[in-house]
Every structure is written in C-alpha cells, then in structure tokens.
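S.K.: Below is the structure I would like to discuss, written out as structure tokens.
The values are calculated or read from the model by the stated rules, or taken from the named source; none is laboratory data. Treat the numbers as computed from the prediction; the structure is a model and nothing was measured. Cβ coordinates were reconstructed from backbone atoms using ideal geometry, including for glycine residues, and neighbour counts include every protein chain displayed.
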Amino acid sequence: MRHIILSTFLILLNFRQRTWRILPRFFKALIYIAFINSLYYYFFKKHILWELQSNNLNLKQLRVIHIFVITPLLFLLCMANFPQNNVNLQVKHILKWSIKCALVEFIGEKSKMIYFKNGWHIFWSWSIYIFLFSFGYLYTINPLFVWNISIPTLLFFLIKFKAPFRKNQLLGPVRLFMKRAQTPYWVKKMRKLVINFNSRYLFRY
C-alpha cells in the first residue's frame, strides 16, 4: 500500500508542477530510463542487489510500478525546473535531487519497502540517481553519446557486483529481435492457428 501512496503523491506533485508540458520533450529519455531499469532485472535476476517489498502487491506489480510510474515521475519532477545554459547550476540541481531521492529510499529501506543485499547500500543508490538525472537529461541533447557512456557504466556495475553474466544473456535480446524480425507475419499467424487447433482438439481429455 505504501508504494501506491508514494505513486499517488508523485502524481499529485507532477500535476502541481504541470510536468505534462515537458513530457513530449523528455518522452524518448523516459523510454531510455525504463529500458535501463529493466536491464537491472535482466542481468541481476539471480544476484539481486535491491528488491522491493509489499504486503499487498506481488513482485511483478511492484517492479512495473517503479519502472513505469515512480521513476519516470521522479525524472519529470527533476526536469520541471531544470536550469538552462548554466552547467554549475545544472550539477547542483542534479545533486540536490539525487540526495532527495536517496533520502526517500533510505526511509523506504528502514520502513521495509525495499531491502539491499550483495554489497549494495544507499550510497550506490545515490550514484544511480545521479546517473538517472544526468543521463536522462543528456539523452535529449545527444542520444548516441548517452548510449556510448551507458555501456561502460553498465559493465562497471556488472563487474563490481559480480553479476552472473553469461554470453547468451547479452545475445538473448538481440537473437529474439532478429528472430521476430526475420519471421514473416503469415508464418506467425499459421503457427498460432496450429497451436490453438492442437490444444483445442488434439490434446483434450
């Protein structure tokens, strides 16, 4: 329930700040952020560094809420009053917001909304928020540059926290995309019809 309350509170804050006005500008950055967040669960699914907790929601629901609701709302709030054309003020703004978010997460840990393991602690979370706000903002300026710095950043965390990394994990999404791209639509349709026919008529008891 506390995760729902947090989501509702962030929605109200975004409504107050009218962040829907900047949504078109940062929409692609939000997709990038959601993708990077999802990569954590892909690479660290067997070596969790942090995990969400709730008595009312299951794990899948919690992850969806945080990846697609809470994190994007936090990013939009940070960008709502982001300083323009002044790097020093931009750095201070990002540090201020990352500290705020880390403090909220610290309270969440103490209230058992989230727990850390395998060497993760609140200072690492603080660094993640710095990457979140800075990379997200830079994505609106130079997406290619952000992808180029995202890859070594991801590799750092994979190595630092000893993710059970395997080659097929890296190639898995690529192979899936290529497989879907190379399969004609009519083949997919026929395959689906055959499976439905078999399950309905041939394997009934």
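S.K.: ILE11 fails exactly one of the following numbered conditions: (1) in contact (Cβ under 8 Å) with a residue 40 or more places away in the chain; (2) within 27 Å of PHE156 (Cα to Cα). What is the number of that condition?
M.R.: For ILE11, the exception is condition (2).
S.K.: When you check CYS101 against the structure, is it at pLDDT 95 or above and touching a His at 6+ places or on another chain (Cβ under 8 Å), yes or no?
M.R.: no
S.K.: Against the condition of a type outside the set (S, T, N, Q), more than 25 Å from THR19 (Cα to Cα), in the same structural domain as TYR40 (by TED's automatic domain parsing) and surrounded by 15 or more Cβ atoms within 10 Å (Cβ to Cβ), how does PHE131 come out, does it pass?
M.R.: no
S.K.: Follow-up. Could you grab me the full set of residues in the range 8-33 that are in contact with a Phe, Trp or Tyr (Cβ under 8 Å, 6 or more places away or on another chain) and surrounded by fewer than 14 Cβ atoms within 10 Å (Cβ to Cβ)?
M.R.: Passing the criteria: only LYS28.
S.K.: Let me ask something else about it. I need a count of the residues in the range 110-133 that are without any contact (Cβ under 8 Å) to a residue 24 or more places away in the chain and more than 19 Å from the chain's Cα centre (by Cα).
M.R.: Number satisfying all stated conditions: 1.
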